[in-house]
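Worksheet: the structure to be examined is printed underneath.
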Amino acid sequence: GAATVAVGPSGGKMAALLGIRVKAVSTRRHAWDLKGKVSDLEDKIRSYQTRVKSVNQENEALKGSVAESQTKAAQVEKREYEEELQSLSGVRDELEKVSSERNTLQKELSNLEGKYKVMETLRDSQETELQTLKLSVQESTLARVQATLRDTEEEVRCLKETVAQQNDDLHAGEMERRRLHNTIQELKGNIRVFCRVRPTVDGGLSKHIQLPATDNKMITLAKTEESHTGKTTDTQKNYNFSFDRVFGAKASQQEVFEEISLLVQSALDGYNVCCFAYGQTGSGKTYTMEGEEFNENRGVIPRAVQQIFKAGEKLGSQGWEFSFTASFVEIYNESLRDLLYTGKASKRPEHEIRKSANNEVTITNLTYEKVSNEDQVLGLIALANQNRSTAQTAQNDRSSRSHSVFQLDIEGINAGRDVKCKSTLCLVDLAGSERLVKSQSQGERFKEMTAINGSLSNLGIVITALANKENYIPYRNSKLTYLLQGCLGGNSKTLMFVNIAPETDSFGETLNSLRFASKVNDCVIGTASANRK
């Protein structure tokens, strides 16, 4: 009975534990030992009672903790309710404010709708009025535009007539300019001669060459001759020459070219033009004709090419269209060589000079390059300079061992005027004459010198024949004179530069060059005519 009372408050678990313990004790004691069993049970009961008391105390403590937690939970819930209530109170105020604004906006919307209806009515009335005004304005504008159009058409017609008249006047003026320009060139002579003195190496003055300050067409060679008896004083003998223009040692490349620029212009007018440089080796012929790469030192050939293309571009505005074809050939040891040939040396073709039925001189198997601008021509000139035959002699570090001939064939057409023209600009750099004593040429150089001097001698023979107006002119005596036949005695405007060296030991060669140039200056070959259709 005591065991049952003790176990009751602790629940089923305590009873189960108690049963296990009782069972365990009963297994250890004999059945007859009732007292022992009772004693064991009493111990167990006391132990369990102690545990029950402890559990009850813990239970009371937990009850207090639960009560406290419930109190705190109630407080927290109360605070949350209060905060939510405050928030809902603010939302209610905001809702009331929004409702008030909505009512205000509704009233404004109602007023705007009323105004909109009034505006629609006004717009409809104005649109009706505007359509009426547009119709009236369009009719008046159309009439005004039609009147303006008639006036404009009449003005355009008058302007077209004026432009046509101006084009006619411009064409007539261009033709008159060409006629006067070429008349001036003819009055100056078809074969003109310019003399140019090369500067000395040290930049000093040459005493035996005298240039009058007041006359740019005169040059005097002064030679002092010693007395043969020794009793009289030395005498000075002067050789006076007159040319179309004489350039001193200080003359610039630009100054030289300005004197021949009008002659170059004739090439675009349909006239054949030839310019060549003559003189002893080392007298500055190549510098005059080709010059250097720098713009201020460029020679006649690059400057002439530049002028041709610039002038051709300007004439394009007057209806002219030009096509250009370039070629470059040299005469080396009385044989022709194509300076624009780029193939294998072993496969170089043979070249011959041929004369067509209309007396035009051509070269067989020669390279003819179509060019359209200045840079293309300058590139061909650079290629030709690389291929040209040069060598070092006692008189010149880089002596030209051949005559080079640059030709620019020009064809022009003015479709609007049904006018065509065709011409050739021929620019020649002759090899320099030289004496064996000075040049000390040997072997191949001697052979070259002989060929050069021979061709120049034949050139002198041809010039003499022309000056004497002989019936037979020996052009075929050399390749040079045969190639330049059209420039010397044909339909061409020709200019020769005679270049002279300023050194005293070149006096003999200088005198011979000036005498030859005087013969050229005395030649009369007739009036050149334009190749125009």
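The values are calculated or read from the model by the stated rules, or taken from the named source; none is laboratory data. Treat the numbers as computed from the prediction; the structure is a model and nothing was measured. All Cβ positions, even for glycine, are placed from backbone atoms using ideal geometry, and neighbour counts span all protein chains on display. Side chains are part of the model used for accessible areas, which takes the heavy atoms of the whole protein and leaves out ligands, DNA and RNA. Shrake-Rupley method; radii C 1.70, N 1.55, O 1.52, S 1.80 Å.
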Over region 460-511 - Rg/Rh using Cα atoms and the Kirkwood inverse-distance radius: 1.08
Whole-number Å³ per residue for the convex hull built on Cα positions in region 290-411: 137 Å³
Estimated dipole of region 305-365 in Debye, rounded to 20 [Cβ of Lys and Arg +1, of Asp and Glu -1, Cα centre]: 140 debye
Integer Hz, Karplus 6.51/-1.76/1.60 couplings in order for region 446-462, x for Gly and Pro: 5, 4, 5, 4, 4, 5, 5, 4, x, 5, 5, 4, 5, 4, x, 5, 5
Under 17 Å from residue 237, Cα to Cα: lysines that are on another chain or at least 8 residues apart: 207, 223
Signed unit charges on C-beta, dipole axis of region 243-401, positive-most listed residue 325, 300, 340: 340
Which of 218, 119 is most accessible, then next, and so on - probe 1.4 Å: 119, 218
Heavy-atom accessible area per residue - region 277-425, 1.4 Å, Å²: 48 Å²
Rounded accessible area of residue 51 (nearest 10 Å², 1.4 Å probe): 120 Å²
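Mind scanning 310/370; 469/519; 314/420; 285/344; 285/310 and naming the pairs with a C-alpha gap bigger than 19 Å?
285/344; 285/310
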Coil-residue trypsin sites (Lys or Arg not before Pro) of region 441-480, DSSP, other Cβ within 10 Å capped at 16: 469
